[in-house]
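**Q** Dumping the structure here so I can ask a few things about it.
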Amino acid sequence: MNEVMFVRAESDVDMVLPIEPVGWRVLVRPYEAPEETPGGIVMTNETQQSEEILTYVGQIVAMGSECYKAVTRSGIELSKIDPKPTVGDWIIYGTYGGQSVFTKAGTKYLIMNDDCIMGIVDDPAAFRAYI
């Protein structure tokens, strides 16, 4: 498993989470595209923004107390399903998954239901949607 850390920007003053998810909701910080390519070419802001838009990967920052404790309509108990994502895991989510929330410092977060999470990923840079 690759070591990818969740790093807060130094300009962030929100060391305390800006919101605590309730119920079955999850707080996710979307993956931020790197400023350079592996070959050392500096990407323009426009390219970085398009890379971030095309990425549906984020890191779980906080989870509500009821995450993965529900029973689906078909009777499947989510508490018995493994693996379950936990705080710190990189996850892939749906295109329209979650509500965007921004802090005063400009940090973007998503609040989504636990059933919007499609899977756990090792390397967030490896997953992009292409148009």
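**Q** Below 10 angstrom from the Cβ of Trp24, what's the summed charge of the other residues (Lys, Arg +1; Asp, Glu -1)? Could you put the intermediate results ahead of the total?
**A** Working: positive: Arg25, Lys69; negative: Glu66, Asp114, Asp115.
Neighbour charge sum, excluding Trp24 itself: -1.
**Q** Now for a separate question. Report the percentage of all Cα-Cα pairs in the range 25-124 whose separation exceeds 15 Å, rounded to a whole percent.
**A** In whole percent, the share of Cα-Cα pairs in the range 25-124 beyond 15 Å is 65.
**Q** With Cβ to Cβ distances under 15 Å as the rule, what net charge do the other residues near Thr72 carry (K, R +1; D, E -1)? Before the final figure, lay out each step's value.
**A** On the way: positive: Lys69, Arg73, Lys80, Lys84; negative: Glu66, Glu77, Asp114, Asp115.
Net charge in that neighbourhood comes out at 0.
**Q** Add +1 for every Lys or Arg and -1 for every Asp or Glu among the other residues with Cβ under 14 Å from the Cβ of Met63, and state the total.
**A** Spelling it out: positives minus negatives among the neighbours equals -1.
Bear in mind that the values in this text are calculations on the coordinates, not laboratory data. Source: prediction; values computed, not measured. Glycine gets a Cβ as well: all are built from the backbone with ideal geometry, and neighbour counts include every protein chain shown.
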